[in-house]
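K.L.:
Below is the structure I would like to discuss, written out as structure tokens.
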Amino acid sequence: MIQIKDLNKKLLDAQYAVRGKIVMRAQELEAEGKKIIYCNIGNPQALKQKPLTYVREVLSLVEYPKLLENADFQKGFHADSIRRAKYILEQIPEGVGAYSQSAGIPFVRQAVADFISKRDNIPVDKDRIILTDGASKGVQAVLFALLKNENDGILIPIPQYPLYSATLTLYGGKQIDYYLDENNHWLLNEQILTESIEKAKQNSINPVAIVVINPGNPTGAVLSYDNIKMIINFAERYNLSILADEVYQENIYDESCKFYSFAKVMYDMNKTSVPLFSFHSMSKGYYGECGHRAGYFELRHIPEDVLEQFIKLQSISLCSNVVGQIATYLMVAPPQEGDESYALFVKEKNAILNDLKEKAKILGEGINSIPGMSCEIPQGAMYAFVKFELPEEKGIDLNKMSSSERKKYEAKRDSDYCLALLEETGICVVPGSGFGQLPGTLHFRTTFLPPKEDMEELVSKIRKFHLNYVEKLK
Ligand SMILES: Cc1ncc(COP(=O)(O)O)c(C=O)c1O
């Protein structure tokens, strides 16, 4: 029989905290009848967010075109959804059950190119767009392609989204951590970046790329134009490619912030020598269509023969799922003014974004009112990375520990805390150590996706729990 020891060690070593032990315990407790508030993962529709009507109308029609042949069936659909389903099926007469071109259906890639071009006012080539099963697969494709050997390294933000660390472990590259600056709205800091890369080089690591997540997961921070400029100059100086993870580009709540894509800033700077891979997805934004696995990446400043290799890589798994590709089309080409479903689209979109904005505030302000706990009020994305303080444990001298012992000790402390929070309150969050954190600090990440009533309850339960937990340690 196959045993654990027969499996690839890289798989055994990979860690993915967002769906780790604490979540499994939450599922056990739920099966026993306890109410669980799931704040561990950015999965909006699992937390009662409704899908947008036009998306589901068009998808239903393209999945089952017979509906288009019968006037009675059509009564339940908006006229523009019917028109669009017909248009899509004209583009792919074979329907959604057939493989597409490896890079994706051409008219969808053109729509993605038009979307980026309109968003950023820059030229975009549809042949440099690859449609993927969510952003994750695009990120993994790029990391796979860039890692030539075990000593190639990728700069990863700390805290980070664990897709990056787990994929690096799977593919065998080196992780070069750079800390985000918690004291400066979690922006990237040039000195920290330089120190990290120089240290990696001294350790014979060959840095090949930098990952930037904007807006940030788990930090909820939105990068400024100048910060992005600094990162582009840094990448140029060290000959790095940039992986710009922009899946939360529609999730911005702080009116003083604006989303700037790396493509736009690079275009403005006229930097054509820095390779750029930009990722987007339908899982986030106001769509929350995580289950459709819809996404794309755009490649800039790379030669034709390199592009061909990326398309070949995609062709090895034939193509991304075709319903997801159509969903991506619907994301980048939503109803327009004059369309019958436009008013409903705007209403649904605004309701979701306004609700998230309110919940970001309820969570942020609530957490900041708890003694010994703090977070940035999320400017964007769907998360807060909450810092909490615990009294030192008697008999423990951190100064006598090596840095790896200390890391382990702190990881156990924040995991124990999150587990106790779950057992006592039913709130399921992810320990900060799953994303990485500065030594000497403790965090957990929570989403603000649960319904508003639950968010208020969540803050008051966390307050009560935290004060008790600290008291018991004293
Ligand atoms: C920063 C970031 N990138 C990528 C992803 C993956 O998204 P997708 O569902 O498109 O694969 C997530 C999901 O939470 C994320 O937070």
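K.L.:
K474 to N350: extension gain in nm, 0.36 nm per residue of separation minus the Cα-Cα distance? Provide the component values of the computation, followed by the final result.
P.N.:
On the way: separation 124, 0.36 × 124 = 44.64 nm, distance 4.64 nm.
Fully extending the segment from K474 to N350 adds 40.0 nm.
K.L.:
Hey, fewest Cβ within 10 Å first, where do H292, H466 land in order? Before the final figure, lay out each step's value.
P.N.:
Numbers: H292 26, H466 21.
Final ranking by Cβ density, sparse to dense: H466, H292.
K.L.:
Let me ask you something else. Can you list residues whose amide H is under 5 Å from Y179's amide H, if they're 5+ apart or on another chain and H is modeled 1.01 Å from N?
P.N.:
I158
K.L.:
Let me ask another. I158 to S369: extension gain in nm, 0.36 nm per residue of separation minus the Cα-Cα distance? Walk me through the numbers before you get to the answer.
P.N.:
Numbers: separation 211, 0.36 × 211 = 75.96 nm, distance 2.55 nm.
The I158-S369 span can extend by a further 73.4 nm.
K.L.:
Can you spot the lysines whose alpha carbon is less than 23 Å from K9's alpha carbon? Ignore those fewer than 8 places along the same chain.
P.N.:
Reachable lysines: K21, K137, K148, K174, K407, K408.
K.L.:
Rounded, prolate or oblate: pick one for segment 6-85, where a ≥ b ≥ c are the square roots of the eigenvalues of its C-alpha gyration tensor, a/c under 1.5 means rounded, and failing that, prolate if a/b is larger than b/c, else oblate. Can you show the working numbers first?
P.N.:
Numbers: a/c = 3.61, a/b = 2.14, b/c = 1.69.
In terms of gyration-tensor shape, prolate.
K.L.:
Using 0.36 nm per residue of separation minus the Cα-Cα distance, give me the extension gain between E456 and R119 in nm, one decimal. If you can, show how the numbers build up before the last one.
P.N.:
Values: separation 337, 0.36 × 337 = 121.32 nm, distance 3.54 nm.
Difference between extended and current length: 117.8 nm.
K.L.:
Whose amide H sits under 5 Å from the amide H of I37, counting only residues 5 or more places off or on another chain, with H placed in the peptide plane?
P.N.:
The list, which skips near neighbours in sequence, is I427, C428.
K.L.:
Just want to confirm a number: the relative contact order over the chain, from Cα pairs under 8 angstrom separated by 6+ residues, in percent. Walk me through the numbers on the way to the answer.
P.N.:
Values: 832 pairs, mean separation 103.0, N = 474.
That works out to 22 percent.
K.L.:
Mind giving me the FRET efficiency for D6 and T441? R0 is 45 Å, r the Cβ-Cβ distance, nearest 0.05 is fine. All intermediate terms of the calculation are to be shown ahead of the outcome.
P.N.:
Numbers: r = 39 Å, r/R0 = 0.87.
After rounding, the FRET efficiency stands at 0.70.
K.L.:
Which loop-located GluC sites (Glu not before Pro) does segment 291-362 contain, where loop means any DSSP state but H, G, I, E or B and the Cβ has at most 16 other Cβ atoms within 10 Å?
P.N.:
Within segment 291-362, the qualifying GluC sites (Glu not before Pro) (loop, at most 16 other Cβ atoms within 10 Å) are E337, E340.
K.L.:
Which of the lysines could be linked to K229 by a straight reach, that is with a Cα gap under 16 Å, when you skip same-chain ones fewer than 8 residues away?
P.N.:
Correct list for K229: K258, K264, K271.
K.L.:
Out of segment 10-78, which trypsin sites (Lys or Arg not before Pro) are coil in DSSP terms and have no more than 11 other C-beta atoms within 10 Å? Kindly include the intermediate steps, with their values, before the conclusion.
P.N.:
On the way: sites: K10, R19, K21, R25, K34, K35, K48, R56, K66, K75; in loops: K34, K35, K48, K75.
Those satisfying the criteria are K35, K48, K75.
K.L.:
Which ³J(HN,Hα) values, rounded to whole Hz and listed in residue order, are derived for segment 354-360 from phi using the Karplus coefficients 6.51, -1.76 and 1.60 in 6.51 cos²θ - 1.76 cosθ + 1.60 with θ = phi - 60°, glycine and proline given as x?
P.N.:
In residue order, the calculated couplings are 5, 4, 5, 4, 5, 5, 4 Hz.
K.L.:
Which of the trypsin sites (Lys or Arg not before Pro) found in segment 372-450 are in a DSSP loop and have at most 13 neighbouring Cβ atoms, other than their own, within 10 Å? Write down the numbers at each step before the final one.
P.N.:
Working: sites: K387, K394, K400, R406, K407, K408, K412, R413, R445; in loops: K394.
The qualifying sites are K394.
K.L.:
With a 10 Å Cβ neighbour count serving as the proxy for reagent exposure, in which order, fewest first, do L467, L143 appear? Could the numbers behind the result be given before it?
P.N.:
Values: L467 14, L143 23.
If I rank by nearby Cβ atoms, fewest first, I get L467, L143.
K.L.:
For the chain, what is the largest minus smallest coordinate of the Cα atoms on each principal axis, given in angstrom and ordered from greatest to least?
P.N.:
75, 58, 52
K.L.:
Once you have a ≥ b ≥ c as the square roots of the Cα gyration tensor eigenvalues for segment 174-313, tell me rounded if a/c is under 1.5, and otherwise prolate or oblate according to whether a/b is larger than b/c.
P.N.:
Numbers: a/c = 1.57, a/b = 1.10, b/c = 1.42.
Because a/c hits 1.5 or more and a/b fails to exceed b/c, segment 174-313 counts as oblate.
K.L.:
Where in segment 184-214 is the amide nitrogen less than 20 Å from a point lying 7 Å along the Cα-to-Cβ axis of N151?
P.N.:
Of the residues in segment 184-214, 196-210 have backbone N under 20 Å from the label point off N151.
K.L.:
Okay, helix-only estimate at 222 nm for the chain: each DSSP H run of n ≥ 4 adds -39500 (n - 2.57), divide by all residues, round to 500 deg cm²/dmol; what do you get?
P.N.:
Details: 16 runs with 211 residues, N = 474.
-14000 deg cm²/dmol, from helical runs alone.
K.L.:
Then there is this: At 7 Å along Cα-to-Cβ for each site, give me the label-to-label distance between S315 and E195 in nm.
P.N.:
Rounded to a tenth, the inter-label distance reads 4.7 nm.
K.L.:
Then there is this: Could you give each residue of segment 34-43 its phi-based ³J(HN,Hα) in whole Hz, using Karplus coefficients 6.51, -1.76, 1.60 with θ = phi - 60°, and x for Gly or Pro?
P.N.:
Along segment 34-43, the couplings run 7, 6, 10, 9, 7, 10, 8, 8, x, 10 Hz.
K.L.:
Another question, then. For E90, project a label point 7 Å along Cα to C-beta. Then give me every residue of segment 323-352 with its amide nitrogen under 15 Å of that point.
P.N.:
none
K.L.:
Output the antiparallel fraction of DSSP beta bridges having both residues in the chain, as a percent to the nearest 5.
P.N.:
So the antiparallel bridges amount to about 50 percent of the total.
K.L.:
Please compute the net charge surrounding A343, taking Lys and Arg as +1 and Asp and Glu as -1 over other residues with Cβ under 14 Å from its Cβ. Before the final figure, lay out each step's value.
P.N.:
Working: positive: K347, K349; negative: D80, E337, D339, E340, E348.
Net charge in that neighbourhood comes out at -3.
K.L.:
I would also like to ask the following. With a 10 Å Cβ neighbour count serving as the proxy for reagent exposure, in which order, fewest first, do C257, C375 appear?
P.N.:
Numbers: C257 16, C375 25.
Arranged by neighbour count, lowest to highest, C257, C375 become C257, C375.
K.L.:
Out of residues 5 or more away from E376 or on other chains, whose amide H comes under 5 Å of its own, with H placed 1.01 Å from N in the peptide plane?
P.N.:
F385
K.L.:
Using the Karplus curve 6.51 cos²θ - 1.76 cosθ + 1.60 with θ = phi - 60°, work out ³J(HN,Hα) for each residue of segment 80-96 in order, rounded to whole Hz, and write x for Gly and Pro.
P.N.:
Calculated HN-Hα couplings, in order: 6, 5, 5, 4, 5, 4, 5, 4, 4, 6, 5, 6, 10, x, 6, x, 8 Hz.
No value in this document is a laboratory result; all are computed from the given coordinates. Just so it is clear, the model here is predicted, and its values are computed rather than measured. Here the Cβ is made from the backbone with ideal geometry for all residues, glycine too, and neighbour counts use every protein chain on show.
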